Each structure stands twice: as C-alpha cells, then as structure tokens.
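What follows is one structure encoded as structure tokens, with my remarks underneath.
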Amino acid sequence: MSIDYWFPTVVYTEVLEPPPKRERMMVDYVDNFHSEHSDQYTVTGDVENDYQLAHKPEFNWLNSEVNRHCRLYLEAYGLNTDNLVVFSSKAWPVVCNPEFRLYDTKRVIEPHTHPNAHISAVFYLQTDADSGGELTLHASPTHPIRYLPLAPFLERATLGSLDQMEYTPVQNQLIIFPSSIEHEVGLYYGENNRYTIVYDLIVTGTEDLEGDNEMCTINPKHWTELHD
C-alpha cells in the first residue's frame, strides 16, 4: 500500500536572534505607536496609516532577515533565487493590549487573506509564552478535504484529514506562508502587550532577467505608469 500526499502548503518557521540594540529600537518604535492607540485591545498599523516599517531605519535588521529567510522559503519550491527579488509592499505593527480584552470575543483578527501580496511574513517581536494568540492557517475552500464527509467519523487527526493548522506565538519567531492562505489570529491573554510585525511581500524577477518571463512578475523598474 502507498499513501501519497500531493500539493502541500509550504510554511516556513525560524526563531531569529535580534541583536539587543536592534530589538530595543523595534520595541521602542512599537511602544510609541501603541501610545497613540493605548485604549484599544487590537490596533494594526495598516489601518492606522503606519504600514511602511520597511522604510524605517529601526527595521533594517529585520528587513534583511525577512529577505534572507524568504529566499530559503522560495528554495523549497525549487526556485533559483538568484533570479528573484523580494519587495516589501507593506509592513506594519500589530499590537494586542490584554488590558482591554473582550471576554466574549474568540479572535484578535478575523479570517482573511492578503490578495495584494504573494507571501506573508509574521515576526513576533514581543509576546508572553503560552498565552494564546495562535496563528491559524486554513485549507482553501476548494481543497478536496472540504468535500469529504469525514467529520462524524473522525477518530484521530492525520496529515490527510487536516483542514487547518495552528502556530503558537514564540518570542522572535518568524513565520512565512502564502498570502492567499486564509488565516486568523486567536485571542491573546498574556500579561504584557503582544507586538507583531507583519510584511506583505511581492516576488519579482531581477531587473536584468533575460529569457522567458511570461509567468513572472516583472521587476517594477520596468513598469510604466499610464496617464490620460
């Protein structure tokens, strides 16, 4: 007998080691961001017009790490990353303040995708251990598992029966996954504020890429803005 598992979803995780000075700079930045919205349970920079952290010097170290690990992630697809460039189109802070936790809510962030990006990267800058806030990734609505009548008879979860996967936040952990995957964030109930940095990433060919580029996103240096 042979059981084959085809068409996997590729998710990358790694715990980073930020230099203390760099870590302090990032935390200070998010502290200042949070001070302007300190009366909310959850506040996200993309909603509050602070979504270009990749341009801020405080995040230069993290930018480099996200780029490096994204390239390792893309190599899992068998890609030659020498021909690719990773761009951050958006990068923003997400703050959870447990002081204002709503006890009747189940999630920090509702299920969603990022249709404006290719890859999503999540970095846990500050979080209490074992305090909720799980990142849950969901199988696509068109995935075959959605059409199998398994639920009444499922005795144990196997790789073939999974339709979602949870990642528990870990301090300084980076998680990379396809932006098209629906995901949500569970309730966080730690003692301290949780700080997360999120990137929307676009993968293009290099500026001097030659040959067949029909299925490649062209490097933006070759784009032309059209006018009336």
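Listed values, structure above:
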{"read-out": "First in region 11-23 and modelled with pLDDT of 95 or more, second anywhere and surrounded by fewer than 15 Cβ atoms within 10 Å (Cβ to Cβ) and of a type in the set (V, I, T), Cβ under 9 Å, 6 or more apart", "value": "T13/V170; V15/V170"}
{"read-out": "Close pairs from region 215-228: first within 17 Å of F87 (Cβ to Cβ), partner of a type in the set (S, T, Y), Cβ under 8 Å, at least 6 apart", "value": "C216/T204; T217/T204; I218/T204; N219/T204; N219/T206; P220/T204"}
{"read-out": "Test: residue in region 77-89 that is of a type outside the set (F, W, Y), over 19 Å from N219 (Cα atoms) and out of contact with any Leu (no Cβ under 6 Å at 6 or more places or on another chain)", "value": "yes"}
{"read-out": "In region 115-144, residue modelled with the lowest pLDDT [restricted to those that are assigned to a loop (DSSP other than H, G, I, E, B) and surrounded by 20 or more Cβ atoms within 10 Å (Cβ to Cβ)]", "value": "G133"}
{"read-out": "Candidates D28, D4, D39, D46, filtered to the one that is without any contact (Cβ under 8 Å) to a residue 40 or more places away in the chain and part of a loop (DSSP other than H, G, I, E, B)", "value": "D4"}
{"read-out": "Qualifying residue in region 63-70 (condition: under 28 Å from D163 (Cα atoms), polar (S, T, N, Q) and surrounded by 13 or more Cβ atoms within 10 Å (Cβ to Cβ))", "value": "no"}
{"read-out": "The one condition in (1) at pLDDT below 90; (2) surrounded by 10 or more Cβ atoms within 10 Å (Cβ to Cβ) that F87 fails to fulfil", "value": "(1)"}
{"read-out": "The one condition in (1) farther than 18 Å from T9 by Cα; (2) touching a Phe, Trp or Tyr at 6+ places or on another chain (Cβ under 6 Å) that L226 fails to fulfil", "value": "(2)"}
{"read-out": "Some residue of region 168-180 being over 16 Å from T13 (Cα atoms), out of contact with any Leu (no Cβ under 9 Å at 6 or more places or on another chain) and at pLDDT below 95", "value": "no"}
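The values are calculated or read from the model by the stated rules, or taken from the named source; none is laboratory data. Note that the structure is a prediction, hence the values are computed from the model and not measured. Methodologically, a virtual Cβ is constructed for each residue, glycine included, from the backbone with ideal geometry; neighbour enumeration extends over all protein chains shown.
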